[in-house]
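S.K.: Below are the structure tokens for one structure; questions will follow.
The values are calculated or read from the model by the stated rules, or taken from the named source; none is laboratory data. Treat the numbers as computed from the prediction; the structure is a model and nothing was measured. As a convention, Cβ positions derive from the backbone with ideal geometry for all residues, glycine included, and neighbour counts pool all protein chains shown.
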Amino acid sequence: MRTWFRNAKLYLLLLAVQFGSAGMFVFAMDAIKKGMSHYVFTVYRNVIASVTLAPFAFVLERKVRPKMTVRIFAEIMALAFFEIILDQCFALLGMKFTSASFLSAVMNSAPSVTFLLAVILK
């Protein structure tokens, strides 16, 4: 039983992430249909994620993370703005016109489309 759990741990975690993602899309669809702005929902979502993940990052990555320089800070801010914030805002904006299941499927196909574009434009 112990080796089964050790082998299945990654698959169970991936399954939990997929259910959490689908649940978030359904919750977001309900909040947006009731009148919440997608900008406000994005801010709430990122604040909750930061408060939840920051203690783990602070404790587990304390000795591994590089020294914070201006360049590293600028890279973090650029990636946060272009990937996380714009991605979420556009996804939630598009959710007004489609269903949560369609958006979930499209968001899951984004890495494969990125890979194909990288191969084509290499």
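S.K.: Quick one: which residue in Met24, Met29 is in a helix (DSSP H, G or I), touching a helix residue (DSSP H, G or I) at 6+ places or on another chain (Cβ under 6 Å) and either hydroxyl-bearing (Ser, Thr, Tyr) or on the phi < 0 side of the Ramachandran plot (or both)? First the steps, then the outcome.
M.R.: Working: Met24 fails: touching a helix residue (DSSP H, G or I) at 6+ places or on another chain (Cβ under 6 Å).
Only one candidate passes the filter, namely Met29.
S.K.: On the basis of being over 25 Å from Phe25 (Cα atoms) and either free of Cβ contacts under 8 Å to residues at least 24 places away in the same chain or under 16 Å from the mean Cα position of the chain (by Cα) (or both), does Val59 make the cut? Please lay out each step first, then the result.
M.R.: Numbers: over 25 Å from Phe25 (Cα atoms): yes; either free of Cβ contacts under 8 Å to residues at least 24 places away in the same chain or under 16 Å from the mean Cα position of the chain (by Cα) (or both): yes.
Judged against the criteria, Val59 is a match.
S.K.: If you go through the stretch 19-27 one residue at a time, do you hit one that is in contact with a Leu (Cβ under 8 Å, 6 or more places away or on another chain) and within 22 Å of Ser104 (Cβ to Cβ)?
M.R.: Applying the first criterion (in contact with a Leu (Cβ under 8 Å, 6 or more places away or on another chain)) to the stretch 19-27 yields 25.
Right, trim to within 22 Å of Ser104 (Cβ to Cβ) and you get 25.
Yes, some residue in the stretch 19-27 is in contact with a Leu (Cβ under 8 Å, 6 or more places away or on another chain) and within 22 Å of Ser104 (Cβ to Cβ).
S.K.: OK, next. Among the candidates Ala91, Ala22, Ala16, single out the residue that is over 13 Å from the mean Cα position of the chain (by Cα) and not polar (S, T, N, Q).
M.R.: Values: Ala91 fails: over 13 Å from the mean Cα position of the chain (by Cα); Ala22 fails: over 13 Å from the mean Cα position of the chain (by Cα).
Criteria check complete, one pass: Ala16.
S.K.: Could you please tell me which pairs satisfy a Cβ distance under 7 Å, a separation of 6+ or placement on different chains, a first residue in the stretch 70-96 that is more than 21 Å from Met24 (Cα to Cα), and a second residue that is at pLDDT below 85 and of a type outside the set (Gly, Ala, Ser)?
M.R.: Qualifying pairs under 7 Å: Ile72/Pro66.
S.K.: Any residue in the stretch 32-51 that's under 13 Å from Ala80 (Cα atoms): show its pairings with residues that are modelled with pLDDT under 90 and part of a helix (DSSP H, G or I) at Cβ separation under 7 Å, as long as the two are six or more apart or on different chains.
M.R.: Once the first residue is under 13 Å from Ala80 (Cα atoms) and sits in the stretch 32-51, its partners that are modelled with pLDDT under 90 and part of a helix (DSSP H, G or I) give Thr42/Ile85; Thr42/Gln88; Thr42/Cys89; Thr42/Leu92; Asn46/Ile84.
S.K.: Which ones in the stretch 1-55 are hydroxyl-bearing (Ser, Thr, Tyr) and either modelled with pLDDT of 85 or more or within 19 Å of Ala100 (Cα to Cα) (or both)? Spell out the reasoning first.
M.R.: Here is the first cut: in the stretch 1-55, the ones hydroxyl-bearing (Ser, Thr, Tyr) are 3, 11, 21, 37, 39, 42, 44, 50, 52.
Within the stretch 1-55, Tyr11, Ser21, Ser37, Tyr39, Thr42, Tyr44, Ser50, Thr52 qualify.
S.K.: Which of the residues belonging to the stretch 39-97 are under 25 Å from Asn108 (Cα atoms), surrounded by fewer than 11 Cβ atoms within 10 Å (Cβ to Cβ) and of a type in the set (Lys, Arg)?
M.R.: The answer is Lys96, and nothing else.
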